[in-house]
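> Here it is, the structure, as structure tokens.
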Ligand SMILES: [Zn+2]
């Protein structure tokens, strides 16, 4: 069993701290900034065993060097590409084991936002960096639209109950776009109200779940006629398959 602590950094980034419930050991996911992580580590007297990196962008990795230099213990740093001299390289299908084998995460390669992007997941949890967001998805910077669509489709194939820990609080903004496309989606309307309440109270809207995202995230709904029809109407184009729907949707959102 683990507890997951939410660490805010920069404007809207989340760094996730996975704490072993039976010890003071923990894992840090995407520390773009060391300061807020070191504060919690000191306050709760934690020992960082490992750092998991989803991809190379600065707001996910810039805190790594400081975390390594501030620790007396050896910290394992996992990433797909060699981002640091101490990087341990991960690849598709690999299983990472932590806390004396009490907790493990699988590696899934999800290129699209960047080519080195990976997600870490198990039966309950998903850490997906900038691939899937609540009600949205990451921009396609380095990969192809087909790669990003395939990555998102794989994430959507995880169990509905999977808790999704993405790296940004973009939910409210994403929902404006989602509502624009599916103004009659009941679950979307309910979620908009819930998110608005949470944000007014300064609360995070993350984690979300795969089940919820499949019900309202336009980027996971490229097979749904309500979404496809609405997009075809708005863009006045014919969309012949889910990939062309996803591509049109992502480009539309980029300029929305
Ligand atoms: Zn990124």
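> Suppose we filter the range 116-157 for residues that are without any contact (Cβ under 8 Å) to a residue 60 or more places away in the chain, part of a loop (DSSP other than H, G, I, E, B) and surrounded by 24 or more Cβ atoms within 10 Å (Cβ to Cβ); how many remain?
1
> What's the number of the condition residue 101 fails, among (1) farther than 21 Å from residue 228 by Cβ; (2) within 16 Å of the ligand (Cβ to nearest atom); (3) surrounded by fewer than 24 Cβ atoms within 10 Å (Cβ to Cβ)?
(2)
Just so you know, all these numbers are worked out from the coordinates, no wet-lab data involved. Just so it is clear, the structure is predicted and the values come from calculations on it, not from any experiment. All Cβ positions, glycine included, derive from the backbone under ideal geometry; neighbour counts span all protein chains shown.
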